[in-house]
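What follows is a short report on a single structure.
The values are calculated or read from the model by the stated rules, or taken from the named source; none is laboratory data. Computed from a predicted structure; not experimentally measured. No Cβ is skipped: glycine too gets one built from the backbone with ideal geometry, and neighbour counts run over all protein chains shown. Remember, those area values only see protein heavy atoms, side chains included, never the ligands or the DNA or RNA. Shrake-Rupley method; radii C 1.70, N 1.55, O 1.52, S 1.80 Å.
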Amino acid sequence: MESRLNYFGNPLAAKILKHINSAGKVASDSTLPTAIQELVKIRASQINGCGFCTDMHTKDAAAAGETPQRLNLIAAWREATVFTEAERAALELAEQGTRIADAAGGVTDAVWANAVKHFDEEQLVALISLIAIINAYNRINVINQQPAGDYQPGQFG
């Protein structure tokens, strides 16, 4: 599989990605736990069918110490006993925030209330922002048919 165009080598794309990456850095530097950040990025990428981002974030999570068992169960997190209540709340928010078009009304009040139980305001801002940012990346990569499988942990800095 080849990408439709060399998005990562395009000068205009470089300018756009600079800003998306800057926003992502601000969100990732928040107090939201890194493990939750990666779980959310992986789950949204799975939902969106973005192989490139799924490859990247599972490898980054593994390099940061995430277990194979937990990585293998992200898509089935509801039936898995290996996730904390906070992680489950973040995964549910990520799913509903990613499937906005599929869910009449978007994120439900119940899902939001559950997230509020586990995260402070800064963490909620980071969580919402990471969901939005990974969805943007997923769309870029899916539209461009960016191939997956060759990513090396830390490859982009």
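Looking at ILE47, ILE36 in this structure, which one is closer than 15 Å to ASN138 by Cβ and not small (Gly, Ala, Ser)? Checking each option against the conditions leaves just ILE47.
Conditions (1) closer than 18 Å to ALA136 by Cα; (2) outside any helix (DSSP H, G or I); (3) more than 12 Å from the chain's Cα centre (by Cα); (4) small (Gly, Ala, Ser), marked per residue:
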| site | (1), (2), (3), (4) |
| --- | --- |
| ASN21 | yes, no, yes, no |
| THR31 | no, yes, yes, no |
| VAL40 | yes, no, no, no |
| GLU66 | no, yes, yes, no |
| ALA75 | no, no, yes, yes |
| ALA103 | no, yes, yes, yes |
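When ILE100, ILE140, ILE131, ILE74 are checked against the criterion of being at pLDDT below 95, under 25 Å from VAL26 (Cβ atoms) and hydrophobic (A, V, I, L, M, F, W, C), a single residue qualifies: ILE100. Residues in the range 133-145 that are in a helix (DSSP H, G or I) and surrounded by fewer than 16 Cβ atoms within 10 Å (Cβ to Cβ): ALA136, ARG139, ILE143. Considering the range 105-127 alone, what residues qualify as being farther than 11 Å from ALA86 by Cβ and either assigned to a helix (DSSP H, G or I) or among the polar types (S, T, N, Q) (or both)? Across the range 105-127, the qualifying residues are THR108, ASP109, ALA110, VAL111, TRP112, ALA113, VAL116, GLU121, GLU122, LEU124, VAL125, ALA126.
For the condition open to solvent by less than 40 Å² (accessible area, probe 1.4 Å), under 22 Å from TYR151 (Cβ atoms) and in contact with a helix residue (DSSP H, G or I) (Cβ under 7 Å, 6 or more places away or on another chain), GLY51 does not qualify. Within the range 1-28, residues that are β-branched (Val, Ile, Thr) have Cβ atoms under 8 Å from residues that are assigned to a helix (DSSP H, G or I) and modelled with pLDDT of 95 or more in these pairs: ILE20/ILE133; ILE20/ALA136; ILE20/TYR137; VAL26/SER129, counting only partners at least 6 apart in sequence or on another chain.
Looking across the range 54-113, just one residue is open to solvent by 60 Å² or more (accessible area, probe 1.4 Å), free of Cβ contacts under 8 Å to residues at least 24 places away in the same chain and in contact with a Lys or Arg (Cβ under 9 Å, 6 or more places away or on another chain), and that is ARG78.
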